[in-house]
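Right, one structure below, let's go through it.
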């Protein structure tokens, strides 16, 4: 399962719908507290990838990541951190806690989706008809849906 955690439900839901249309099990939540509960309840041995927004109210992505890493049962859960901003001061601690990737939302939407799929496939969520090693093929299958993925708005 790919768990998308983002306080912007429109973007999280769109990302999950797009991944589901391509055969990937995806669930989303809009807060860190619920994300932790979902992760802790996930069956051991079943592929899980968390796509975690950094900026969220109540419990931000970095706080969620710290709690995951502090619990032996969730310490090795793979996480991709996503954010709409370029805040390097948050990127460094996230990377030091072992995130697989730091994505800037909307920077390269096709690449973002392909990277999520590729990381998930490496965890055991492989689909035979869409090999990760052929990124251009994956991109062509996924690019049609990219317009539905959230993009940061100018302030």
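The values are calculated or read from the model by the stated rules, or taken from the named source; none is laboratory data. As the structure is a prediction and not an experimental result, all values here were calculated from the model. Because the Cβ atoms are built from the backbone with ideal geometry, glycine has one as well, and the counts that use them run over all protein chains shown.
Regarding residue 62, is this residue surrounded by 18 or more Cβ atoms within 10 Å (Cβ to Cβ) and part of a helix (DSSP H, G or I)? So residue 62 fits the description; yes. Note on the stretch 22-41: among residues that are in contact with a strand residue (DSSP E or B) (Cβ under 8 Å, 6 or more places away or on another chain) and not in a helix (DSSP H, G or I), the one that is nearest to residue 118 (Cα to Cα) is 24. The residue that is nearest to residue 54 (Cα to Cα), among those in the stretch 86-124 that are in contact (Cβ under 8 Å) with a residue 60 or more places away in the chain and out of contact with any strand residue (DSSP E or B) (no Cβ under 7 Å at 6 or more places or on another chain), is 113. On inspection, residue 94 does not qualify as more than 16 Å from residue 8 (Cα to Cα) and assigned to a loop (DSSP other than H, G, I, E, B). The residues listed here are 55, 51, 4; of these, the one that is in a loop (DSSP other than H, G, I, E, B), under 22 Å from residue 104 (Cβ atoms) and either in contact with a strand residue (DSSP E or B) (Cβ under 8 Å, 6 or more places away or on another chain) or modelled with pLDDT of 95 or more (or both) is 55.
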